[in-house]
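The structure appears below as structure tokens.
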Amino acid sequence: MEATKIEPVINDSDNQHSVNYESKSRPAGFWIRFVAFWIDWIALGIINTPLTLIVPSFVGLNFNDPKFQETLIKMITEASKSPTMTPEMQVFMTKLGTLYALMVGISMLTAFTYYYLFYRFKCGTPGKLALGLRVYKAGSREPIGALGVFLRDFLGKFIGYMPFAIGFIMAGIREDKRALHDLMGGTVVVYDED
């Protein structure tokens, strides 16, 4: 895909300096992006579900095993009676902690790969593409790279949730429809009208 530059236009009305990018594309607002987010969330859930069934066996846990369920109930019962952990409880909790760390790591790697590949090669995730949206570097029609994905979809969205998801609500308030994660990642989300 050939990149086309979109020249900035400086607006100096009422001493308010802002940069707008002339483009044929309209910026996508809050609600359509909200729907796209849920489509992607479901897609990532479908991708991650098989992993949640496979990974526990790597740390010696099988959630469907009656022995695992017995051990879990026993651990909860013992923990409610005594604040100290038996060696058996320590081993079990170490396995659960390791499992949790593995699952978080794998989920983050899966999400990063999902976002990076779709943004890099399609300029949008399945949720955005299904709704006719594209994600570009601000001021151009270029796809975002790995740093942009990290800043936008990990750091930016994490910060955007606090407080009260104001970073996301910005997309419904700002004239250019950019949320905090768009500003941090240097991106715009627009309708694909070409």
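Filtering the stretch 167-181 down to residues that are in a helix (DSSP H, G or I) and open to solvent by less than 80 Å² (accessible area, probe 1.4 Å), which residue is nearest to Lys137 (Cα to Cα)?
The residue in question is His181.
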Next on the checklist: Can you pull out every residue in the stretch 126-151 that is within 11 Å of the chain's Cα centre (by Cα) and β-branched (Val, Ile, Thr)?
Outcome noted: Val149
Item to check | For Ser82: the one exception among (1) open to solvent by less than 90 Å² (accessible area, probe 1.4 Å); (2) over 30 Å from Ala43 (Cα atoms); (3) of a type outside the set (A, V, I, L, M); (4) at pLDDT 80 or above | outcome: (4)
Item to check | Candidates Leu129, Leu109 - the one that is assigned to a helix (DSSP H, G or I) and surrounded by 12 or more Cβ atoms within 10 Å (Cβ to Cβ) | outcome: Leu129
Checklist entry - Which residue pairs have Cβ atoms closer than 8 Å, lie 6 or more positions apart in sequence or on different chains, and pair a first residue in the stretch 118-129 that is farther than 13 Å from Asp40 by Cα with a second residue that is assigned to a helix (DSSP H, G or I) and open to solvent by 10 Å² or more (accessible area, probe 1.4 Å)? => result Lys122/Leu129
Checklist outcome for this item: The one condition Phe121 fails out of (1) surrounded by 12 or more Cβ atoms within 10 Å (Cβ to Cβ); (2) closer than 25 Å to Tyr191 by Cβ; (3) of a type outside the set (Ser, Thr, Tyr) is (1)
Next on the checklist: Consider the stretch 141-153. How many of its residues are closer than 14 Å to Asp182 by Cβ and not in a helix (DSSP H, G or I)?
Outcome noted: 1
Item to check | Tabulated pairs, the stretch 48-67, first within 18 Å of Thr113 (Cα to Cα), second among the small types (Gly, Ala, Ser), C-beta under 6 angstrom, 6+ apart or interchain | outcome: Asn48/Ser107
Next on the checklist: Just the residues that are open to solvent by 50 Å² or more (accessible area, probe 1.4 Å) and without any contact (Cβ under 8 Å) to a residue 24 or more places away in the chain, please, taken from the stretch 141-166.
Outcome noted: Leu147, Phe158, Tyr161, Met162, Pro163, Phe164, Ile166
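Tell me, please, whether a residue that is modelled with pLDDT of 85 or more and farther than 27 Å from Phe112 by Cβ can be found in the stretch 12-32.
Looking through the stretch 12-32, at least one residue is modelled with pLDDT of 85 or more and farther than 27 Å from Phe112 by Cβ.
The values are calculated or read from the model by the stated rules, or taken from the named source; none is laboratory data. All values derive from a computational prediction rather than experimental measurement. Cβ: placed from backbone, ideal geometry, glycine included. Neighbour counts: every protein chain shown. Side chains included, ligands, DNA and RNA excluded: accessible areas come from the protein's heavy atoms. Shrake-Rupley method; radii C 1.70, N 1.55, O 1.52, S 1.80 Å.
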